[in-house]
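First the structure, in the form of C-alpha cells, and then the observations on it.
The values are calculated or read from the model by the stated rules, or taken from the named source; none is laboratory data. On a predicted model such as this, the values are computed, not experimentally measured, just so you know. Methodologically, a virtual Cβ is constructed for each residue, glycine included, from the backbone with ideal geometry; neighbour enumeration extends over all protein chains shown.
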C-alpha cells in the first residue's frame, strides 16, 4: 500500500530534527575554518533540513483533520501546527541563506554569510525543539502514551474519550448506527459538562437515531464557546431541515451569519433558498 502524506508525518519529522541539529552543529564548527569538508557538509544538511521541514509541515497539515475532531484535542493540535509552520518558515529562510553562501563561496564575505547562517541555525534548533515538544504533548498527553509522560490520570480520560469517538465514527461508517449511538450516549454520560461531547451527542441523535426533534431539544439548552457556535448552528439547521422546516433552518443560519460572517454558512443559506444546486 502506498503511504499517504499524512501517514508519513511521524517518520519525516525525525529526519527534520536530526538534520537541523547536526547541520547547525556543523555550521557552528565550520566557523573555525577546519576541517575543510565541514562547511559544505553543513550546507547539505541544512538544505535537506529545509526540505524535510517543508514535508513535515505539509504532512502534519494533512494529518491534523481527523485528530482535531476529537473533542478537547483541537487546541493542542493547533498549537503544534503553528509551531510547525514557524519552524518550516525559519528552515526555508535558513536554506536561502545557505544558498547565498554557496553562490559566494569564492568571496571573502562568505564567512559573514556563514556567521549569519550559524546564528539562524541555532534559532532553528530551538524552534525544532519547541515543535517537537508540542508534538510529544499531542502524542503522549492526548492518546499516544496515556499516563507515561505525565503520570496524569487525565491522559487516560482523554484516551477513553478518543476511543469512544473513534469507535463511534467507525461504527457509523460501517452502518452500525445503534452501536455508534450507544457509544456516544455513554461518552455524553461520562463527560456531561464538555460542550463538544454534548454537540456530539446531539449530532448522534440526528444521524444515528434519526431523532431530529431530540437533537433540536438537546441543542436548545447548549451554550457553546465561540469557536463551536458555527458547528452548533449548522447542526440545528440540519435538524430543522430533516423535519422539513426549511424556514426555521434559514432563520438559525441567518442569525448565525449576522453574528459571525462565514462563507460556508452563507453558502448553506443560499442552497436552502435554492440559489445554488
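Residues checked against (1) surrounded by fewer than 15 Cβ atoms within 10 Å (Cβ to Cβ); (2) within 31 Å of the chain's Cα centre (by Cα); (3) more than 16 Å from residue 122 (Cα to Cα):
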{"site": "6", "(1), (2), (3)": "no, yes, yes"}
{"site": "11", "(1), (2), (3)": "yes, yes, yes"}
{"site": "14", "(1), (2), (3)": "yes, yes, yes"}
{"site": "22", "(1), (2), (3)": "no, yes, no"}
{"site": "29", "(1), (2), (3)": "no, no, no"}
{"site": "35", "(1), (2), (3)": "yes, no, yes"}
{"site": "39", "(1), (2), (3)": "no, no, no"}
{"site": "42", "(1), (2), (3)": "no, no, no"}
{"site": "47", "(1), (2), (3)": "no, yes, no"}
Pair list, Cβ under 6 Å, 6 or more apart: the range 177-194 residue without any contact (Cβ under 8 Å) to a residue 40 or more places away in the chain, other residue crowded, with 20+ Cβ neighbours inside 10 Å and not in a helix (DSSP H, G or I) = 177/208; 180/208; 181/208
Having 1 or more residues that are buried (at least 16 other Cβ atoms within 10 Å of the Cβ), at negative phi and within 24 Å of the chain's Cα centre (by Cα) is the bar; report the helices (runs of 4 or more DSSP H) wholly within the range 152-236 that clear it.
-> 153-173, 177-190, 195-207
Return only the number of the condition from (1) at pLDDT 85 or above; (2) surrounded by fewer than 15 Cβ atoms within 10 Å (Cβ to Cβ); (3) in a helix (DSSP H, G or I); (4) more than 20 Å from the chain's Cα centre (by Cα) that residue 117 does not satisfy.
-> (2)
Yes or no: residue 248 within 28 Å of the chain's Cα centre (by Cα), modelled with pLDDT of 90 or more and in the same structural domain as residue 195 (by TED's automatic domain parsing)?
-> no
Taking residue 259, is it out of contact with any helix residue (DSSP H, G or I) (no Cβ under 7 Å at 6 or more places or on another chain), at pLDDT 95 or above and either surrounded by fewer than 18 Cβ atoms within 10 Å (Cβ to Cβ) or in the same structural domain as residue 70 (by TED's automatic domain parsing) (or both)?
-> no
Residues of the range 262-277 being in a loop (DSSP other than H, G, I, E, B), more than 13 Å from residue 229 (Cβ to Cβ) and in contact with a helix residue (DSSP H, G or I) (Cβ under 9 Å, 6 or more places away or on another chain), which ones?
-> 273, 275, 276, 277
